[in-house]
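All of the numbers you see were taken from the coordinates with simple rules; none came from a lab. None of the values given here were measured: they were computed from a predicted structure. Glycine gets a Cβ as well: all are built from the backbone with ideal geometry, and neighbour counts include every protein chain shown.
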Amino acid sequence: MHATLITGASMGIGEAFAREFARRGNSLVLVARSGDRLAAIAEELRSRKVEVLVCRQDLSRPDAPDRVHDFCLTNSITIDILVNCAGLSHASDFSAISPEKVEELMSVNMLSLARMSRLFAADMAAEKKGGIINIASITGLQGVPGLGLYAATKAFVLSLTEAMHEELKEHGVKVSAVCPGFIDTGFFQTAGHERTNAILPFSTPEVVVKAALKGLMKNRMRVYPTMLDAILSFSGRLVPRDTAVRLAGFLSGARGN
Ligand SMILES: NC(=O)c1ccc[n+]([C@@H]2O[C@H](COP(=O)([O-])OP(=O)(O)OC[C@H]3O[C@@H](n4cnc5c(N)ncnc54)[C@H](OP(=O)(O)O)[C@@H]3O)[C@@H](O)[C@H]2O)c1
């Protein structure tokens, strides 16, 4: 069976990806920790006559990507599209974050994404086709006071994805980094980030999904889901770097405004 694999599919943007791919008739492998939520989403999507498998994994564990890959091999599933969407943030000055949170954020946002990408990119390159969507963020474009570690993990995602985009082109594999601004999900609550302090407007997960799929189809290296995201990216290059950093901190409101 050929399928689309989505990490972080239990809620928010990942769930929206699952719904859109199901609407397009793709078979799915859904990955996250919340087994009950994944099971409920899978059951609902199966009623639309698509095959949906749930692979419950904690992606902060170093062996999780291998387990996901083994799950696909065991079930004879070839992954055509990988969406690395699982991620978390933590609103705090860097010096105040606990060592455990540093570990968790870097493991889920960077290490698991890198390992998942490496495992499935190799399979796709062997098949000479496939696509990878890595969910980055506009916070990855510069340091963000109050969200320093999170922003740094997203800079990693952007940089790695850009290199993969070029490397895998010649193997027939498309790779895009998606850079959303603020999206209306439970993400802020999990991060302890008071969303009413954010200056930027919120968009929807569906806007991200639509832009990501269009971007991947055209094999865009970077995808900005809204015009505002693109403007912020461009304008950040026109001002001195320290101004861009201060502005990003102000717009995020992570340290309170
Ligand atoms: N919301 C925004 O404003 C925004 C903006 C830019 C980029 N993004 C990025 O978009 C992605 C999705 O965010 P979202 O807004 O949809 O957030 P969300 O609603 O909080 O969803 C996060 C997803 O990641 C999964 N996840 C977190 N830790 C995990 C772990 N240890 N193992 C496996 N899965 C884990 C969660 O599943 P379980 O809890 O069930 O494990 C959940 O499905 C993230 O990469 C985020 O950085 C979000």
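Can you give the FRET efficiency to the nearest 0.05 for ALA39 and ARG255, using r as the Cβ-Cβ distance and R₀ = 41 Å? Before the final figure, lay out the partial values.
Details: r = 38 Å, r/R0 = 0.94.
Plugging the Cβ-Cβ distance into 1/(1 + (r/R0)^6) gives 0.60.
How far apart, in nm, are the 7 Å Cα→Cβ label points at THR204 and ARG246?
3.8 nm
Normalising by the residue count of the chain, find the relative contact order in percent from Cα pairs under 8 Å and 6+ residues apart.
Answer for the chain is 19 percent.
DSSP loop (so not H, G, I, E, B), at most 15 other Cβ within 10 Å: list which GluC sites (Glu not before Pro) in segment 142-236 pass both filters.
GLU170, GLU194
Straight distance only, please: which lysines reach the Cα of LYS174 with their own Cα at less than 18 Å, same-chain residues fewer than 8 apart left out?
Cα-Cα hits under 18 Å: LYS128, LYS129, LYS210, LYS214, LYS218.
Please compute the length gained on full extension between SER76 and GLU51, using 0.36 nm multiplied by the number of residues separating them and subtracting their Cα-Cα distance. Write down the numbers at each step before the final one.
Values: separation 25, 0.36 × 25 = 9.00 nm, distance 1.31 nm.
Full extension from SER76 to GLU51 adds 7.7 nm.
Would you mind ranking ASP63, ASP184 by Cβ crowding within 10 Å, fewest neighbours first?
If I rank by nearby Cβ atoms, fewest first, I get ASP63, ASP184.
So what is the 222 nm mean residue ellipticity for the chain from helices alone, if each DSSP H run of at least 4 adds -39500 (n - 2.57) and you divide by all residues, rounding to the nearest 500 deg cm²/dmol?
Calculated from helices alone, the mean residue ellipticity at 222 nm is -14500 deg cm²/dmol.
Which of the listed residues, SER159, PHE250, GLY215, is farthest toward the dipole's positive end in segment 2-252, when Lys, Arg count +1 and Asp, Glu count -1 at the beta-carbon?
Value computed over the given set: GLY215.
Using only Cα atoms, locate the centre of segment 176-204 and the centre of segment 139-170, then give the distance between them in Å, rounded to an integer.
Using only Cα atoms, the two centres lie 17 Å from each other.
Please get the size of the charge dipole for the chain, origin at its Cα centre, with Cβ charges of +1 on Lys and Arg and -1 on Asp and Glu, quoted in debye to the nearest 20.
660 debye
Figure the gain on full extension for GLU167 and LEU238 (residue separation times 0.36 nm, minus the Cα-Cα span) and round it to one decimal in nm.
Here the segment from GLU167 to LEU238 would lengthen by 22.6 nm.
Hey, if you put +1 on the Cβ of every Lys and Arg and -1 on every Asp and Glu Cβ in the chain, which of THR139, HIS90, GLY172 ends up farthest toward the positive end of that dipole?
GLY172
Trypsin sites (Lys or Arg not before Pro) within segment 103-138: which are DSSP loop residues with at most 10 other Cβ atoms inside 10 Å?
Answer by residue number: LYS128.
Would you mind checking which residues have amide H under 5 Å from GLY131's amide H? H placed 1.01 Å from N; only 5 or more apart, or other chain.
For GLY131, whose amide H was placed from the backbone, the distant partners under 5 Å are ILE81, LEU82, LYS174.
I need the Kirkwood Rh of segment 1-145: take the reciprocal of the average 1/r across all distinct C-alpha pairs and report it in angstrom.
Details: mean 1/r = 0.0635 Å⁻¹.
Averaging 1/r across every pair of different Cα atoms and inverting gives 15.7 Å.
Please arrange VAL239, VAL157, VAL31 by how many other C-beta atoms lie within 10 Å of their C-beta, fewest to most.
Lowest count first: VAL239, VAL157, VAL31.
How would you rank ILE231, ILE81, going from fewest to most other Cβ atoms within 10 Å of each one's own Cβ?
On the way: ILE231 11, ILE81 22.
Least crowded to most crowded, the residues run ILE231, ILE81.
Would you work out the relative contact order for segment 119-178, in percent, from Cα pairs under 8 angstrom that are 6 or more residues apart?
46 percent
Scan segment 1-71 for trypsin sites (Lys or Arg not before Pro) in coil per DSSP, keeping those whose Cβ has at most 12 other Cβ atoms within 10 Å, and list them by number.
When the trypsin sites (Lys or Arg not before Pro) of segment 1-71 are filtered for loop state and at most 12 Cβ neighbours within 10 Å, ARG24, ARG48, LYS49 remain.
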